[in-house]
Amino acid sequence: MKKLVMMLTALLAISLSACSQNNKKENKEMKVLVAYFSASGTTKGVAQQLAEVAGADLHEIKPAQPYTDADLDWRDKQSRSSVEMQDKSSRPAITAKLQNMKDYDVVYVGFPIWWYTCPTIINTFMEAYDFQGKTVIPFATSGGSSIKKACEDLKATYPDIKWKEGKLLNRTSKDDLKKWAESNK
């Protein structure tokens, strides 16, 4: 009888320990990253505010060759941005690769809308890391386009990534950003 009680006590202790470990995993704070590309500074401002309200780390997706005003002239079919956007295989080089991407659970990816979708430098970023097990949430700024096509394109190009609904964040208040970030937890 004494052996049975000791054995049951040991099993109970092991079970409680396992439950405690699972509970620690469930209560683990999600590590969040806001990564963004900004050609003119508009998306940068939104990304900084989003990182602040979401308690996230901030990472700029920097082109190895910075864009000039002439590069961004969408009316010039020979401008760098026009040429890149016409070539679906374009992957502009980026600098400052993150060494700790594996640490993040949620990654917001921000960009301006170019030609109704995300700039090709976002593909460079997406292909530079392993997003398995992460939730990725696009956000964008735009002078007049929606984010819908950009989200569709990202999901089609990277179907194995767990995507959450993206959002256009033009002139969004800090309170609205905070509500959106909390809804994505």
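Structure data summary
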| read-out | value |
| --- | --- |
| Count of the stretch 130-156 residues which are more than 14 Å from the chain's Cα centre (by Cα), surrounded by 15 or more Cβ atoms within 10 Å (Cβ to Cβ) and either part of a strand (DSSP E or B) or not small (Gly, Ala, Ser) (or both) | 3 |
| Ile122 vs. criteria touching a helix residue (DSSP H, G or I) at 6+ places or on another chain (Cβ under 8 Å), of a type in the set (A, V, I, L, M, F, W, C) and on the phi < 0 side of the Ramachandran plot | yes |
| The stretch 108-122 residues that are in a helix (DSSP H, G or I), paired with ones that are among the small types (Gly, Ala, Ser) (beta carbon under 7 Å, 6 or more apart) | Thr120/Ser90 |
| Residue in the stretch 157-179 that is least open to solvent (accessible area, probe 1.4 Å), counting only those that are of a type in the set (Val, Ile, Thr) and under 16 Å from the mean Cα position of the chain (by Cα) | Ile161 |
| Residue list for the stretch 31-45, filter: surrounded by fewer than 22 Cβ atoms within 10 Å (Cβ to Cβ) and part of a helix (DSSP H, G or I) | Thr42, Lys44, Gly45 |
| Members of the stretch 105-122 that are under 12 Å from the mean Cα position of the chain (by Cα) and surrounded by fewer than 21 Cβ atoms within 10 Å (Cβ to Cβ) | Asp105, Val106 |
| Hits in the stretch 73-107 - residues which are part of a strand (DSSP E or B) and within 14 Å of Ala39 (Cα to Cα) | Ile94 |
| Matching option when the condition is crowded, with 17+ Cβ neighbours inside 10 Å, without any contact (Cβ under 8 Å) to a residue 40 or more places away in the chain and of a type in the set (S, T, N, Q), among Ser90, Ser82 | Ser82 |
| Hits in the stretch 52-69 - residues which are in contact with a strand residue (DSSP E or B) (Cβ under 8 Å, 6 or more places away or on another chain) and touching a residue at least 24 places away in the same chain (Cβ under 8 Å) | Ala54, Ala56, Asp57, Leu58, His59, Glu60, Ile61, Lys62, Pro63, Ala64 |
| Close pairs (6 angstrom Cβ cut-off, 6 or more residues apart or separate chains): more than 23 Å from Ser40 (Cβ to Cβ) in the stretch 128-143, of a type in the set (Phe, Trp, Tyr) anywhere | Val136/Trp163 |
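The values are calculated or read from the model by the stated rules, or taken from the named source; none is laboratory data. Treat the numbers as computed from the prediction; the structure is a model and nothing was measured. Heads up, the Cβs are rebuilt from the backbone with ideal geometry, glycines too, and the neighbour counts pull from every protein chain shown. Each accessible area value is taken on the protein alone, full model and side chains, heavy atoms only, with ligands, DNA and RNA left out. Shrake-Rupley method; radii C 1.70, N 1.55, O 1.52, S 1.80 Å.
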